[in-house]
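The values are calculated or read from the model by the stated rules, or taken from the named source; none is laboratory data. Just so we're clear, the structure is a prediction, and the values are computed from it rather than from any experiment. Positions of Cβ are backbone-derived with ideal geometry, glycine not excepted, and every protein chain shown enters the neighbour counts. Only protein heavy atoms, including side chains, enter the accessible area calculation; ligands, DNA and RNA are left aside. Shrake-Rupley method; radii C 1.70, N 1.55, O 1.52, S 1.80 Å.
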Amino acid sequence: MSIKKSFNSGWRFFDGEIKQEMPSYKGPAYIQAKTERYRIGPASIFYRDIPDDYGMRKQVYQPRELTAERWENVTLPHDYIIKQEPKETNNNALGFFEYHPAWYRKHFEVDEEYKGKRITLYFEGVTAGCEVYLNGAHMLNYHSGFAPFEVDITDFVRFGANENVLAVHSVPENFDSWWYAG
């Protein structure tokens, strides 16, 4: 039996790369090195990605890392490259657009009734490649924007009232087309 749920709404998006500073003390680096999960940075479950909330809700999100990036709410499918003006100085084979990395994050819960069942996420495509993380754990690198793929998250999902965070790092470095592939 297969149960399908749409994950198209409720995503948070950051247009660009997020520079991750090395911590100034050893605690965070040590803890992150001793686990399969990222503890800091945009792949982490603790990363603050709330649009227009720069630490103002401390009582609810206290354990979150403070960030200053401008996150926005989006619904999938979402094409961040097409928001640009084409420029003749960019590659004509890619529609004169500049391709650059971006981040997507989704917060969700999984009911206790799904314990003991296999849980997968199905992606219809992420242009030119991506890295997928769940709750800070690296799940997959994928390098084709035109083929769907599936990620088994069974071993890393948190059940019940626990929040899960899916982070997708769009990394458009390898191109598998000779036209704008939005």
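Given the criteria touching a residue at least 24 places away in the same chain (Cβ under 8 Å), of a type in the set (V, I, T) and open to solvent by 40 Å² or more (accessible area, probe 1.4 Å), does T89 qualify? Here the answer is no, as T89 does not meet what is asked. Criterion applied to H169, H100 was being under 25 Å from K4 (Cβ atoms) and not charged (D, E, K, R), and the one residue passing it is H169. Per the listing V126, V132, the residue uniquely surrounded by 17 or more Cβ atoms within 10 Å (Cβ to Cβ), under 13 Å from the mean Cα position of the chain (by Cα) and assigned to a loop (DSSP other than H, G, I, E, B) is V126.
Residues in region 47-60 that are more than 14 Å from the chain's Cα centre (by Cα) and either at pLDDT 80 or above or open to solvent by 20 Å² or more (accessible area, probe 1.4 Å) (or both): P51, D52, Y54, M56, R57, K58, Q59, V60.
Condition check ((1) closer than 19 Å to N8 by Cα; (2) at pLDDT below 95; (3) in contact with a helix residue (DSSP H, G or I) (Cβ under 6 Å, 6 or more places away or on another chain)) across all residues:
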position	(1), (2), (3)
E113	no, yes, no
E124	yes, yes, no
I153	yes, no, no
E173	no, yes, no
W178	no, yes, yes
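Condition check ((1) under 17 Å from L76 (Cα atoms); (2) of a type outside the set (G, A, S); (3) open to solvent by 50 Å² or more (accessible area, probe 1.4 Å)) across all residues:
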position	(1), (2), (3)
Y99	no, yes, no
W103	yes, yes, no
L121	yes, yes, no
S144	no, no, no
A147	yes, no, no
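In the condition set (1) buried (at least 16 other Cβ atoms within 10 Å of the Cβ); (2) touching an Asp or Glu at 6+ places or on another chain (Cβ under 9 Å), Q84 is compliant with all but (1).
This table checks each residue for (1) within 24 Å of I153 (Cα to Cα); (2) at pLDDT 80 or above; (3) of a type in the set (S, T, N, Q); (4) in a strand (DSSP E or B).
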position	(1), (2), (3), (4)
F13	yes, yes, no, yes
M22	no, no, no, no
I31	yes, no, no, no
T35	yes, no, yes, no
I40	yes, no, no, no
I45	yes, yes, no, no
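Do the conditions hold for L166, that is, is it free of Cβ contacts under 8 Å to residues at least 60 places away in the same chain and within 28 Å of I40 (Cβ to Cβ)? Judged against the criteria, L166 is not a match.
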